[in-house]
Amino acid sequence: MLNLARLESSGIVAQIEFHAEIGSTNDRASQLAGAELQLPLLVIADRQTAGRGRGANRWWSAPGALTFSLLVESAAASVQPTQWPQLSLTAGLAVCEALQALLPQQLWGVKWPNDVYLGGPTGLQKVCGILIESPSARRGRLIIGIGINVNNSFAAAPEELRERATALCDVAGRSFDRTDVLLQVIHSLHRRWGMLGILGFGALADDWRRYCILQGQTVTLEQGGERVVGLCQSIDDDGALVLQTPTERRRCIAGTIVQFE
Ligand code: BTN
């Protein structure tokens, strides 16, 4: 059970809306985005029936996962909507650091722009997905939707899925207090978000690169019907993924990684 009183007393979120079941916390945050609200607002659900991932993807999670959205004022960190790659990377970095603090003996990394992966003996497995959206009802506000596999074990999942994803409980061999995990994540987001406001994105670029799991991998990126295949060289200071294709060095500022090896 989530401890809402503990979350409230953290002082980081101004308002909390809890749902035992909802379609999607991002959709709910988007509905609320036009209203006069105290921000950050946390919308959290024990179960989503229509969780969304990036593009046309669905985000499916069994009971025990942590699924929530934060509605924030982007101006609070001097973030422009055009700075999405940097913002996504910063959110991914913050979650990655939070999970590393919870399970320090594991190797954690960010798959550009913001999925969080664990490096295990069987390869890289996804633990967290992040969906950042700009609500149409109010410019200047942003929704940071986060899904983390916490106590939703993948032990009985089909092998194909188990190879690609895992949960904290499977890695640690024990269950986690989801309030602890959530507090760790929102503290980390708050810290990194605060750094943005004071120091700007440049101060975070080295950390994005430190946690980049794609460096040195051959990556296939899809964007607007186009596919780019190249060797990932780095992430630049603007948050772009730098790929060396057979013909050019290409900076990618948007798109989805559909394959990497
Ligand atoms: C991805 O991996 O493509 C992003 C997944 C994001 C899932 C989270 S769960 C909470 C929030 N509500 C949603 O509908 N999606 C995000």
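The values are calculated or read from the model by the stated rules, or taken from the named source; none is laboratory data. These figures come from a predicted structure and were not determined experimentally. As a convention, Cβ positions derive from the backbone with ideal geometry for all residues, glycine included, and neighbour counts pool all protein chains shown. Side chains are part of the model used for accessible areas, which takes the heavy atoms of the whole protein and leaves out ligands, DNA and RNA. Shrake-Rupley method; radii C 1.70, N 1.55, O 1.52, S 1.80 Å.
The single condition among (1) free of Cβ contacts under 8 Å to residues at least 24 places away in the same chain; (2) within 16 Å of the ligand (Cβ to nearest atom) that residue 174 does not satisfy is (2). The single condition among (1) in contact with a strand residue (DSSP E or B) (Cβ under 7 Å, 6 or more places away or on another chain); (2) assigned to a helix (DSSP H, G or I) that residue 147 does not satisfy is (2).
When 105, 48 are checked against the criterion of being open to solvent by 10 Å² or more (accessible area, probe 1.4 Å) and away from the ligand (no atom under 12 Å from the Cβ), a single residue qualifies: 105.
Scanning the stretch 122-140 for residues that are modelled with pLDDT of 90 or more, in contact with a helix residue (DSSP H, G or I) (Cβ under 8 Å, 6 or more places away or on another chain) and more than 11 Å from the ligand (Cβ to nearest atom) turns up 125, 135. Does at least one position in the stretch 60-73 carry a residue that is surrounded by fewer than 18 Cβ atoms within 10 Å (Cβ to Cβ), touching a residue at least 60 places away in the same chain (Cβ under 8 Å) and in a strand (DSSP E or B)? Looking through the stretch 60-73, at least one residue is surrounded by fewer than 18 Cβ atoms within 10 Å (Cβ to Cβ), touching a residue at least 60 places away in the same chain (Cβ under 8 Å) and in a strand (DSSP E or B). The lone criterion from (1) modelled with pLDDT under 95; (2) not in a loop (DSSP other than H, G, I, E, B) left unmet by residue 105 is number (2).
Do you know which residues across the stretch 112-158 are aliphatic (A, V, I, L, M), open to solvent by 30 Å² or more (accessible area, probe 1.4 Å) and closer than 21 Å to residue 41 by Cα? Passing the criteria: only 137. For the stretch 238-259, a residue qualifies if it is at pLDDT 90 or above, out of contact with any Leu (no Cβ under 6 Å at 6 or more places or on another chain) and not β-branched (Val, Ile, Thr), and the qualifying residues are 240, 241, 243, 246, 248, 249, 251, 259. For the stretch 12-45, filtered to residues that are of a type in the set (Ser, Thr, Tyr) and out of contact with any His (no Cβ under 9 Å at 6 or more places or on another chain), the residue that is farthest from the ligand (Cβ to nearest atom) is 30. Just one residue in the set 214, 196, 204 is part of a loop (DSSP other than H, G, I, E, B) and touching a residue at least 40 places away in the same chain (Cβ under 8 Å); that residue is 214. Going through (1) of a type outside the set (S, T, N, Q); (2) more than 14 Å from the chain's Cα centre (by Cα); (3) part of a helix (DSSP H, G or I) one by one, residue 12 falls short only on (3).
For the stretch 88-98, taking the residues that are modelled with pLDDT of 95 or more and surrounded by fewer than 24 Cβ atoms within 10 Å (Cβ to Cβ), the one that is farthest from residue 256 (Cα to Cα) is identified as 97.
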